[in-house]
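Heads up, the thing below is written out as structure tokens.
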Amino acid sequence: MGLRSVFWLLLNTLIASTLTLVTAKWIGLGKGFSLQLPNDYVAREVPSIIDTLIEFFPNNIIAHASNNQVIPIIIFSLLLGVALIKLNSKDRAIAQPIIRMVESLNKLTYELVKMIIRLTPYAVVAFIANVPTRHGGKDLKSFVVVIIFAYVLSFFQAFVVQGTLVKLFAKMSPKKFFKAIWPAQVVAFTTQSSIGTVPVVIEQLHGELGVEKDVASFVAGLGANMGMPACTGIWPIILAVFSINALNIPFSTTQYILLVVYTIVISFGTAGVPGTATIAATAVLSAANLPLEIIFVLAPISSLVDMARTMSNVTGSASAAVVVAYQEDAIRDI
């Protein structure tokens, strides 16, 4: 069940990233936008795909951390987590203090991140203030396009892609599925918190769709910390393509494919709290050697888009739970 859950959650991210990349390239997202980088900025050369894949695997975790190499840290964390699970099954007395320390550090880190995110609008207001005067509102038009584009993609991912997956792989009517999870979608849209919506998702999956509670709890909880197609797939790809087009950065087909790979790797262990998309975008752009300035440029509209992103994330975890339950024969008739 764990492997199936991971597969369907990551498949959601893969579909969202690929769909966003294709459509963003097709409409030329970011072309014509005026983005000024520091005068001493030098674009870094993107390594080959073989070198990139080799660099995924950690060899010096301290060096990776100091050089802001995110993906090797994630791979190391996954391996450490697997080892910790095995240790916990053999000797809980030794493993539990480490687990409690990690949980405490995790909560502390996200409290710090939330503090930074709250201050971000004040930090970028001076940069954004001169947008209307640069090209007579032309850049503001680009912001509106990004908002509309992100909403369209998030809703398409939530209703068309997830509805199709439920129909094909769970043999369930999309109408029945969306009618059941509608309360969870509303909570996700208004709270902008995937984790905060988990109880509602579990209640709707179990009470309205007949998914066994163990399966619903497992997949919905996992889906709030993995996958999240809109926050780790759609938004980082939007920012990446926007910056590539705005700055006329040469980018090959292989490098675009790697962008999608980065989103899938980054989606491991990304907590479903407000501001997650900013963290994911920072990691993806850093891994792709793209400038991070675009994150701060579009920060003022990120919270507006986050409502649709969170709704899409929650819908993805719910559809994954239904598909996994169907494959596990864990859906009762209602």
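The values are calculated or read from the model by the stated rules, or taken from the named source; none is laboratory data. Keep in mind that this is a model prediction, so the values were computed, not measured. Don't worry about glycine lacking a Cβ; one is built from the backbone with ideal geometry, like all the others, and counts go over all protein chains shown. The accessibility values were calculated without ligands, DNA or RNA, using every heavy atom of the protein model including side chains. Shrake-Rupley method; radii C 1.70, N 1.55, O 1.52, S 1.80 Å.
Some notes on this structure:
- Neighbour net charge for residue 317 - beta-carbon separation under 14 angstrom, K R +1, D E -1: +1
- Rolling a 1.4 Å probe over the protein heavy atoms leaves residue 144 with an accessible area of roughly 80 Å².
- Across the options 230, 177, 217, the greatest Cα extent toward the positive end of the charge dipole of region 161-235 (unit charges at beta carbon of Lys, Arg, Asp, Glu) belongs to 177.
- Within-14-Å neighbourhood charge of residue 175 [Cβ basis; K, R +1; D, E -1]: +3
- Cross-link table 167/213; 107/213; 141/171; 107/179; 25/107, entries beyond 32 Å C-alpha to C-alpha: 141/171; 107/179; 25/107
- Computed from the alpha carbon positions, the gyration tensor of region 241-334 leads to an equivalent ellipsoid with semi-axes of 32, 17, 11 Å, biggest first.
- Whole-Hz ³J(HN,Hα) from phi, Karplus 6.51 cos²θ - 1.76 cosθ + 1.60, for region 227-240, glycine and proline x: x, 6, x, 7, 6, 9, x, 5, 5, x, 5, 4, 5, 5
- Put simply, region 174-238 fits an ellipsoid with semi-axes of 21, 13, 11 Å; these come from the alpha carbon gyration tensor as the roots of five times its eigenvalues, largest first.
- Using a simple spin-label model with pseudo-atoms 7 Å out from Cα toward Cβ, residue 103 and residue 63 lie 3.6 nm apart.
- With a cut-off of 15 Å between beta carbons, the residues surrounding residue 188 carry a summed charge of -1, where Lys and Arg count +1 and Asp and Glu -1.
- Ranking 208, 293, 203 from most to least accessible surface, computed with a 1.4 Å probe over the protein chains only, gives 203, 208, 293.
- Normalised Debye scattering of region 52-108 at q = 0.28, 0.29 Å⁻¹ gives log10 I(q)/I(0) of -1.05, -1.07, counting only Cα atoms as equal scatterers and leaving out solvent.
- ³J(HN,Hα), Karplus 6.51/-1.76/1.60, whole Hz, each residue of region 249-262, x for Gly, Pro: 7, x, 9, 8, 4, 4, 5, 5, 4, 5, 4, 5, 4, 4
- Normalising the average separation of contacting C-alpha pairs (under 8 angstrom, six or more residues apart) by the number of residues puts the relative contact order of region 138-270 at 21 percent.
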